[in-house]
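**Student:** First, the structure itself, so that you have it in front of you.
The values are calculated or read from the model by the stated rules, or taken from the named source; none is laboratory data. Quick caveat: nothing in here was measured; it's all calculated off a predicted structure. As a convention, Cβ positions derive from the backbone with ideal geometry for all residues, glycine included, and neighbour counts pool all protein chains shown. Accessible surface areas use protein heavy atoms only, side chains included; no ligands, DNA or RNA. Shrake-Rupley method; radii C 1.70, N 1.55, O 1.52, S 1.80 Å.
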Amino acid sequence: MTTVDLGDLGFDEGGHLLVARALASAAEVRVVGTAPTLAVDLPAWCRAKGHACAGNVVTRGPHDRRVGAERAGQIDAPSERAPKTWGLAARGALVEAGVPVLDLALVNKRELWADDAARLYAQAAAAQWDPQTAIPWDAPVTHPPEVEDAVVQVMTYLIENETAALLVPTRFLSKLHPHFREVMQLLAIQAADEARHIEVFTRRARLRRNELGLSTVGGQASLATLFDEPDFAIASFLLSVLGEGSFLSLLAFIRDHAPDACTRAVARLAGQDEARHVAFGLAHLGQHLEQEPSLREKLAAAVERRHAALANTAGLNAEVFDALVLLAAGSWEPQALRQGHAAVVSLVADMDAGRRQRLQRLGFTSDDAAALSSLHTRNFM
Amino acid sequence: MSDFILGAVAYDAKVVTIWDGFRAWFAERGLSFDYVLYTSYERQVDAHLRGDVHVAWNSPLAWIQVERLAKKHGRTAQAIAMRDTDRDLTSVILVRADSPVKSIADLRGKRIGVGAADSPQATLIPLLALSDAGVEPGRDVEVQRHDVLLGKHGDHIGGERDAVKALLAGKVDAACLIDGNRLAFAREGLLAPNATRVLHQTGLYDHCNMTVLDGGPPETQRFRELLLGMSYDDPQVRPLLDLEGLKAWLPGRTKGYALLERAVERFHTLDPWLAVR
């Protein structure tokens with residue numbers, strides 16, 4: 001029989017651990033020790049644990065909560081399908097039978113996984129920036145007041161679009177099986193990215209103004225269609241690939257044409273983050289399409305459906321378009337306005353080219369990509 | 001009334017979770033089962049005698065109450081099941097480690113902290129140990145009660161916790177509690193290792209049981225079979241067993257109530273109650 005000598009270690013100091021450890025490999029264990037309360041504590045502990053105790057001899061009870069437990073897949077390799085009965089368990093954990101079943105809709109690897117997710121998450125974690133120190137908040141603002149108004153209008157527009165970019169993926173994040181940990185982490189850090197963007201765009205807008213610009217029905221109608229989309233692949237396609245993809249061009253435009261260093265910096269840093277969001281969208285949709293080519297038709301249909309739904313809305317509000325022209329012009333000089341206008345027209349073309357390129361990466365033909373890109377919301381996002 | 005009805009005392013909100021869960025489990029096995037909660041064991045015992053419930057989940061003191069009341073009215077009470085953790089308990093009397101009290105006799109003239117007045121484990125059985133040793137509670141030693149939820153027969157741990165707090169604060173010279181709660185209070189950080197000393201450990205006694213009167217209705221046998229058949233391996237009932245504090249249900253036995261019987265006799269605990277029934 002195995003003997004465990006606790007020395008002077010009491011059960012009220014962790015002595016039970018040594019007994020439990022011995023019982024893991026021996027059905028009967030003799031317990032000796034000099035703690036004054038050992039004779040009181042040992043039977044009480046055995047009773048609570050379902051072990052038999054006669055004198056100082058413990059016989060292991062038959063009760064084990066690991067009976068019926070199931071391993072939640074392999075720690076390094078996500079399963080094709082994650083049963084809801086794994087609940088919130090870490091991937092690879094031993095899950096006790098009977099854990100509460102969570103209402104999780106996204107349980108199939110095919111629908112959401114990207115081999116690149118872990119790398120993109122690590123990159124995102126390493127690239128987090130501090131709004132307080134990364135932006136030159138005190139940089140001089142020397143442009144005319146109307147140009148500042150234009151900057152504020154553009155920031156107002158960016159804030160509501162980034163709000164959609166935060167809330168739409170978060171809706172899916174709460175339905176994602178945590179077994180797909182890397183995707184969960186990536187969506188979480190994307191939400192943190194968007195939170196930071198909302199912060200810096202708001203702070204930039206308030207540098208010289210106490211009021212924000214106009215939020216239009218058309219702009220919000222466009223974003224509302226993203227909220228209405230119940231399918232992760234389609235929502236991701238519309239938001240990340242087409243919407244945020246277009247925003248890469250927009251943020252690059254602001255980075256290159258804004259009249260002050262602070263605005264250029266917020267656009268540059270937000271653009272870096274958005275590039276990762278687009279990369280993840282392309283990565284998981286690319287893998288999804290490899291396994292389910294018919295998804296391509298659903299994606300195309302979704303663009304057409306959204307276009308039809310928005311056909312009677314204004315899309316990008318004139319205030320934003322004009323604000324972008326004035327932002328790029330930097331002054332009311334006719335020549336500057338001409339250049340600003342040309343830059344915005346060029347921006348729209350850049351967005352279209354970028355969308356077509358990304359659509360082709362997802363396997364759409366050149367013609368289909370051009371057609372779908374032309375149907376993309378005039379609100380850009 | 002076609003349901004087989006159990007009476008239980010609502011000493012904690014978890015009682016609802018436990019019996020709702022068991023109710024569903026019984027229903028899946030064809031037993032139409034329901035339960036009624038009471039605010040005190042006294043109300044439950046009265047209800048049981050009236051026939052409002054078919055089986056009562058009784059504290060050890062409630063068992064003695066119902067058994068005596070049944071006998072008084074020419075009926076018989078039977079303990080049909082109990083938890084594995086209801087068997088062979090002990091209580092301990094703690095003193096502070098540096099206390100000059102070395103034996104029960106040394107408690108003469110001191111103050112002892114107990115649980116609720118109707119707690120078998122934290123009041124009646126430990127005070128019997130004093131009485132057996134010739135130190136009469138109330139006469140030779142002052143008894144400070146901690147009446148948390150009177151009528152619940154000490155099911156609520158609060159009375160014992162308050163007694164231990166009083167001991168640590170120096171308000172009493174000794175405190176009474178069930179053996180397992182010594183470890184529970186150590187885990188909570190209330191009882192530091194070596195801060196107290198076990199002055200006395202009582203003899204063995206049993207705790208709760210499932211009681212029926214006059215054998216109960218025909219469904220009693222099925223209820224008992226299902227209860228004894230519950231397995232800790234069953235993931236549906238395992239959380240309920242954890243909540244109720246057992247690994248397995250065992251047949252009821254009554255030999256473990258001798259100490260409490262003696263305590264009740266010694267202190268005339270039930271006399272006024274029994275006299276009016």
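**Student:** Could you calculate the FRET efficiency of A:Ser25 with B:Asp20 from 1/(1 + (r/R0)^6), where r is the beta carbon distance between them and R0 is 51 Å, rounded to 0.05?
**Tutor:** On the way: r = 39 Å, r/R0 = 0.76.
That gives a FRET efficiency of 0.85.
**Student:** Right, something else. What's the extension gain from B:Arg43 to B:Lys71 if we count 0.36 nm per residue and subtract their Cα-Cα distance? All intermediate terms of the calculation are to be shown ahead of the outcome.
**Tutor:** Numbers: separation 28, 0.36 × 28 = 10.08 nm, distance 1.80 nm.
Full extension of this stretch gives 8.3 nm more.
**Student:** Obtain the radius of gyration and the Kirkwood radius of the stretch A:46-111 from its C-alpha atoms and give Rg over Rh. List each step's numbers first, then the result.
**Tutor:** On the way: Rg = 17.4 Å, Rh = 14.3 Å.
Rg/Rh: 1.22.
**Student:** Something else about it: Taking the Cα-to-Cβ direction at B:Asp98 and at A:Ala69 and moving 7 Å from each Cα, how far apart do the two end points lie in nm?
**Tutor:** In this crude label model, B:Asp98 to A:Ala69 measures out at 4.4 nm.
**Student:** Please express the shape of the stretch A:18-142 as an equivalent ellipsoid: the semi-axes are the square roots of 5 times the eigenvalues of the C-alpha gyration tensor, given largest first in whole angstrom.
**Tutor:** Working: eigenvalues 513, 126, 33 Å².
Taking √(5λ) for each Cα gyration eigenvalue gives 51, 25, 13 Å.
**Student:** Moving on to the next point. For the stretch B:134-183, report the translational diffusion coefficient in µm²/s to the nearest whole number, using Stokes-Einstein at 10 °C, 1.306 mPa s, and a Kirkwood Rh over Cα pairs.
**Tutor:** 135 µm²/s
**Student:** Placing unit charges on C-beta atoms (Lys and Arg positive, Asp and Glu negative, everything else neutral), compute the dipole magnitude of the stretch A:1-111 about its Cα centre in debye, rounded to 20. Working shown, then result.
**Tutor:** Working: 13 positive and 13 negative charges, 91 e Å.
Its charge dipole is roughly 440 debye.
**Student:** Also, I was wondering about something else. Given the options B:Val45, B:Val148, B:Val16, which has the most mean-square fluctuation in a GNM of chain B, springs set between C-alpha atoms less than 10 angstrom apart?
**Tutor:** Ranking B:Val45, B:Val148, B:Val16 by mean-square fluctuation puts B:Val16 first.
**Student:** OK, next. What is the gain in length, in nm to one decimal, between A:Asp228 and A:Ala349 on full extension, counting 0.36 nm per residue of separation less the C-alpha to C-alpha distance? Present the calculation step by step, with values, prior to reporting the outcome.
**Tutor:** Numbers: separation 121, 0.36 × 121 = 43.56 nm, distance 2.81 nm.
So the chain would gain 40.7 nm between A:Asp228 and A:Ala349.
**Student:** Right, something else. In square nanometres, what is the average projected area of the Cα convex hull of chain B? Mind showing how you got there, number by number?
**Tutor:** Numbers: hull surface 57.6 nm².
Averaged projected area of chain B's Cα convex hull equals 14.4 nm².
**Student:** Could you tell me the calculated FRET efficiency between A:Ala311 and A:Trp137, based on Cβ-Cβ distance and R0 = 45 angstrom, to the nearest 0.05?
**Tutor:** Values: r = 42 Å, r/R0 = 0.93.
According to the calculation, E is roughly 0.60.
**Student:** Now, a different point. To check you understand DSSP bridge types, tell me what percent of the beta bridges within chain A (both residues inside) are antiparallel, rounded to 5. Walk me through the intermediate numbers first.
**Tutor:** Values: 10 of 15 bridges.
Just about 65 percent of them are antiparallel.
**Student:** Could I ask something else about it? Keeping all protein chains in position, work out how much accessible area A:Phe280 exposes to a 1.4 Å probe, and write it in Å² to the nearest 10.
**Tutor:** Rounded to the nearest 10, that gives 10 Å².
**Student:** I would also like to ask the following. How many Cβ atoms of partner chains, on average, are near each residue of B:232-239 if near means within 10 Å of its Cβ?
**Tutor:** On the way: counts 7, 8, 4, 9, 2, 1, 7, 5.
That average works out to 5.
**Student:** Hey, another quick one. Place +1 on the Cβ of every Lys and Arg and -1 on the Cβ of every Asp and Glu in the protein assembly as shown, take the dipole about the Cα centre, and give the residue among B:Leu274, B:Gln236, A:His376 whose Cα lies farthest towards its positive end.
**Tutor:** B:Leu274
**Student:** Once the protein assembly as shown is represented by equal point scatterers at the alpha-carbon sites, with solvent omitted, what log10 I(q)/I(0) does the Debye formula produce at q = 0.09, 0.11 Å⁻¹?
**Tutor:** -0.84, -0.99
**Student:** With runs of 4+ DSSP H residues as the only contributors, calculate the mean residue ellipticity of chain A at 222 nm using -39,500 (n - 2.57) per run, divided by the residue total and rounded to the nearest 500. Write out the running numbers ahead of the final one.
**Tutor:** Values: 15 runs with 221 residues, N = 381.
Value at 222 nm, helices only, nearest 500: -19000 deg cm²/dmol.
**Student:** Where does the stretch A:249-307 land on Rg/Rh, using Cα atoms and the Kirkwood Rh? Walk me through the numbers before you get to the answer.
**Tutor:** Details: Rg = 16.4 Å, Rh = 13.6 Å.
Rounded to two decimals, Rg/Rh equals 1.20.
**Student:** Regarding the stretch A:1-68, what is the average projected area of its C-alpha convex hull, in nm²? Before the final figure, lay out the partial values.
**Tutor:** Numbers: hull surface 17.0 nm².
Computed as one quarter of the Cα hull surface, the answer is 4.3 nm².
**Student:** Right, something else. Determine the calculated [θ] at 222 nm for chain B from helices alone, applying -39500 (n - 2.57) to every DSSP H run no shorter than 4 residues and normalising by the residue count; nearest 500 deg cm²/dmol.
**Tutor:** On the way: 10 runs with 100 residues, N = 277.
One gets -10500 deg cm²/dmol as the mean residue ellipticity at 222 nm.
**Student:** Which helices count as membrane-span-like in chain A under these terms: full DSSP H, at least 20 Å along the axis by C-alpha, Kyte-Doolittle mean of -1.0 or more? Provide the component values of the computation, followed by the final result.
**Tutor:** Numbers: long enough: A:145-173 (42 Å, 0.52); A:181-205 (36 Å, -0.17); A:261-291 (46 Å, -0.15); A:295-309 (21 Å, -0.45); A:334-361 (40 Å, -0.54).
Helices meeting the criterion: A:145-173, A:181-205, A:261-291, A:295-309, A:334-361.
**Student:** Roughly speaking, what is the centre-to-centre gap between the stretch A:1-66 and the stretch A:151-192 when only Cα atoms are used, to the nearest Å?
**Tutor:** 52 Å
**Student:** Taking Cα centroids, how far is the stretch B:93-164 from the stretch B:178-254 in Å?
**Tutor:** 22 Å
**Student:** Name the long-range amide H neighbours of B:Val36: under 5 Å, sequence gap of 5 or more, or other chain; modelled H, no Pro or chain starts.
**Tutor:** It is B:Leu6, B:Gly7, B:Ala8, by chain and number.
**Student:** Between exposed GluC sites (Glu not before Pro) in chain A, where DSSP calls loop and at most 14 other Cβ atoms lie within 10 Å, what's the longest gap?
**Tutor:** Details: sites that count: A:Glu80, A:Glu211.
Here the longest run is A:212-381.
**Student:** Ratio to report: Rg/Rh of the stretch A:299-381, with Cα atoms as the point set and Rh obtained by the Kirkwood method; give two decimals.
**Tutor:** Values: Rg = 15.1 Å, Rh = 14.1 Å.
Ratio of gyration radius to Kirkwood radius: 1.07.
**Student:** Right, something else. Give the span of the stretch A:119-247's Cα atoms along each principal axis, as three whole-Å numbers ordered largest to smallest.
**Tutor:** 52, 36, 21
**Student:** Let me ask another. Please find the FRET efficiency linking A:Ala261 to A:Ala125, where r is the Cβ-Cβ separation and R0 is fixed at 22 Å, and quote it to the nearest 0.05.
**Tutor:** On the way: r = 27 Å, r/R0 = 1.23.
So, using R0 = 22 Å, E works out to roughly 0.20.
**Student:** Ok, one more. In Å³ and rounded to a whole number, note down the convex hull volume per residue for the Cα atoms of chain A.
**Tutor:** 179 Å³
**Student:** Still on this structure, I have one more. May I have the convex hull volume per residue, in Å³, for the Cα set of the stretch B:142-277?
**Tutor:** Working: hull volume 22.7 nm³, N = 136.
That works out to 167 Å³ per residue.
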